[in-house]
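> I am attaching a structure below and will ask some questions about it afterwards.
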Amino acid sequence: MRKYLIALMLLFVSLSAFAQDRVRILNNTGYTVYYVYISQTATSSWEEDVLGSDVLMNGNYVDVRLSYPLTVTNRYDIRLKDSDGDSYTKWDVLITPNAVVEFTMADLDRRDSASRTPNGNPNIRIVNNTGYTVYYVYVSQAAASNWGPDVMGSDVLGKGSSVDLWLPYPLNVTNRYDIRLKDSDGDTYTKWNVLITPNAVIEFTFSDYD
């Protein structure tokens, strides 16, 4: 009998260790969503799509199991991507038990900045004076080990043109970023450990060629 009780206790502890909180994501964007990403706000990259082969129809919801219990971390970034490739992002969402996070057209990311963030976060302008058309722009925290998503989407950054971006965190959280441009030939231009100041203008020239 004692062995049986011990086995039950061990099973309960084991199940508790793997019990994780969930969040309900409601799609009211007006479009069918093909991808849903959710990552801790403290991380610099998105986790894998949680829908797999499923889709999230307009007006429907999906329950997503979080990576960690809310007692460990309760701040998450959430991104939806629809059938047209448009993305909808909420940054630094405070997740509470049984939370429902609704996405509407108001959460649509600007085409020139898929990394749009809430008001109050720093804005930077990137100027392309490399002499080549740029197809991809990546911005990541200097402390991160990998690049974030391309912020250009389907747009390009022509020679002599600029793009305005909103960074994901306030300057009092992090003010050092790595920035990389990739042109039509696949060549890259990188600035490492850039100190970001309010309304910074960061010019790339051919001297930044990797």
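Read the figures in this text as sums done on the coordinates, not as results from a lab. Computed from a predicted model, the values in this text were never measured in an experiment. For neighbour counting, all protein chains shown are included, and Cβ atoms are generated from backbone atoms with ideal geometry for every residue, glycine included.
> Work out the FRET efficiency for Asp210 and Asn172 from their Cβ-Cβ distance, taking R0 = 25 Å, and round it to the nearest 0.05.
Details: r = 31 Å, r/R0 = 1.23.
Computed FRET efficiency for Asp210 and Asn172: 0.20.
> Now for a separate question. Expressed in nm to one decimal, what extension gain is obtained for the pair Ser83 and Ser145 from 0.36 nm per residue of sequence separation less their Cα-Cα distance?
19.3 nm
> Right, next: Whole-Hz Karplus ³J(HN,Hα) for the range 199-206, in order, using 6.51 cos²θ - 1.76 cosθ + 1.60 and θ = phi - 60°, x for Gly and Pro?
Working through the residues one at a time gives 6, 5, 10, 10, 9, 9, 10, 5 Hz.
> Can you grab the distance from the C-alpha centre of the range 139-210 to the C-alpha centre of the range 32-52, Å, no decimals?
A separation of 22 Å, based on Cα centres.
> Please check: in the Gaussian network model of the chain (C-alpha springs, under 10 Å), which one of Ile78, Ile124, Ile38 has the largest mean-square fluctuation.
Maximum among the listed residues: Ile124.
> So which aspartates and glutamates pass the test for Lys191, namely a Cα distance under 12 Å, with those fewer than 8 places away in the same chain ruled out?
Asp178, Glu203, Asp208, Asp210
> Of Thr133, Leu94, Tyr34, which is farthest on the positive side of the dipole of the chain, counting Cα position, with +1 on Lys and Arg Cβ, -1 on Asp and Glu Cβ, and the Cα centre as origin?
Towards the positive end, the residue furthest out is Leu94.
> In terms of modelled amide H atoms, which long-range or inter-chain residues lie less than 5 Å from the amide H of Glu102?
Under 5 Å from the amide H of Glu102: Leu26.
> What residues have an amide H closer than 5 Å to that of Ser45, excluding those fewer than 5 places away on the same chain, when H is modeled at 1.01 Å from N in the peptide plane?
So Ser45 has HN proximity to no qualifying residue.
> Could you tell me how many degrees, from 0 to 90 and to the nearest 10, lie between the Cα long axis of helix 2-18 and the main elongation axis, the longest principal axis, of the Cα atoms of the chain?
That works out to roughly 20 degrees.
> Mean residue ellipticity at 222 nm from the helices of the chain, using -39,500 (n - 2.57) per DSSP H segment of n ≥ 4 over the full residue count, to the nearest 500 deg cm²/dmol? List each step's numbers first, then the result.
Details: 1 runs with 17 residues, N = 210.
Computed mean residue ellipticity for the chain: -2500 deg cm²/dmol.
> Sticking with this structure for a sec: Around Arg24, what is the net charge, scoring Lys/Arg as +1 and Asp/Glu as -1 over all other residues with Cβ under 13 Å from its Cβ? Please report the intermediate quantities before stating the final value.
Values: positive: Arg22, Arg65; negative: Asp21, Asp63, Glu102.
For residues surrounding Arg24, the net value is -1.
> How far, in nm, would the chain grow between Trp192 and Tyr61 when pulled straight, counting 0.36 nm per residue and subtracting the alpha carbon separation?
Working: separation 131, 0.36 × 131 = 47.16 nm, distance 4.05 nm.
Computed gain between Trp192 and Tyr61 is 43.1 nm.
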